Amino acid sequence: MSDDVPAVRIRASHLDRERVIEVLRSAVADGRLDISEFSERTERVYGARMLGELPEITADLVPPEQQPIRVDNRPLAAFFGNLERSGRWVVRASEAVFAVGGDVRLDLRDALLIRNHTRMSASSVFGRIRIDVPEGVEVRLRGWSFLGRRTTSVRRPRGEDAPVLEIEGFSLFGSLTVHAPTRPRNWLPWRRRGRKAVE
């Protein structure tokens, strides 16, 4: 996919449309939409070809941070405040993230990455940045810190063709942490085998 394609012009998938339909169903269930409105909006969802056509369908039903599809070109920056981006949002091939006296949290586990190799400039000054990535992503963390920290708990994936998230920048009296989901542990398997043996 070309870097020049704006987020609103990316083709919508069946999964993207179903996310919007789920919000419409919830709105019918709690009385915010009647059946005729639901039918009209559902037709618009299934007729949508680009991601940019979907957000306006649910704009009056849920707040911006809960929208099923987020096509937001605003800077990923928090200046003495907080910024969170999660759910189905578009991550461009090159992103810049800043936290100055505030907190930024980016959840990429359900995001749509335009490219298989994403470059991100992430810097914090008296602020914190946390990035959650899905399992199987290779994280390359570079940059420097002064009286701060830049860490990642993401394990290197086994596959050679894994998606790459390359992060550069600095932390000045601030922090950057990158996390991956914790794998569930098979607790005490010997007890399960013991129960079967007794039975």
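The values are calculated or read from the model by the stated rules, or taken from the named source; none is laboratory data. Source: prediction; values computed, not measured. Cβ sites come from the backbone with ideal geometry, for glycine too, and all protein chains shown count toward neighbours.
Evaluate the range 124-147: report whether one residue or more is among the aromatic types (Phe, Trp, Tyr), closer than 28 Å to Val23 by Cβ and part of a strand (DSSP E or B).
Looking through the range 124-147, none of the residues is among the aromatic types (Phe, Trp, Tyr), closer than 28 Å to Val23 by Cβ and part of a strand (DSSP E or B).
Would it be correct to say that Ser145 is at pLDDT 90 or above and within 30 Å of Gln67 (Cα to Cα)?
So Ser145 fails the test.
Identify the single condition in (1) modelled with pLDDT under 90; (2) in contact with an Asp or Glu (Cβ under 9 Å, 6 or more places away or on another chain); (3) among the charged types (D, E, K, R) that Glu84 does not satisfy, given that it satisfies every other one.
Among (1) modelled with pLDDT under 90; (2) in contact with an Asp or Glu (Cβ under 9 Å, 6 or more places away or on another chain); (3) among the charged types (D, E, K, R), the lone unmet condition for Glu84 is (1).
Return the pair list, or none, for Cβ contacts closer than 9 Å from residues in the range 117-144 that are on the phi > 0 side of the Ramachandran plot and touching a residue at least 24 places away in the same chain (Cβ under 8 Å) to residues that are basic (Lys, Arg) and surrounded by fewer than 16 Cβ atoms within 10 Å (Cβ to Cβ), at least 6 apart or on different chains.
Going by the 9 Å Cβ cut-off, the qualifying pairs are Gly136/Arg158.
Of the numbered conditions (1) at pLDDT 95 or above; (2) farther than 22 Å from Asp103 by Cβ, Glu135 fails exactly one; give the number of that condition.
All conditions are met except number (1).
I need a count of the residues in the range 22-34 that are aliphatic (A, V, I, L, M) and over 19 Å from Leu54 (Cα atoms).
Within the range 22-34, residues that are aliphatic (A, V, I, L, M) and over 19 Å from Leu54 (Cα atoms) number 1.
Asp161 fails exactly one of the following numbered conditions: (1) surrounded by 15 or more Cβ atoms within 10 Å (Cβ to Cβ); (2) at pLDDT below 95; (3) closer than 30 Å to Ala7 by Cα. What is the number of that condition?
Single failed check for Asp161: (1).
Of all residues in the range 148-158, how many are exposed (fewer than 15 other Cβ atoms within 10 Å of the Cβ) and assigned to a loop (DSSP other than H, G, I, E, B)?
4
Which of the residues belonging to the range 167-183 are modelled with pLDDT of 95 or more and assigned to a strand (DSSP E or B)?
Ile167, Glu168, Phe170, Ser171, Leu172, Ser175, Leu176, Thr177, Val178
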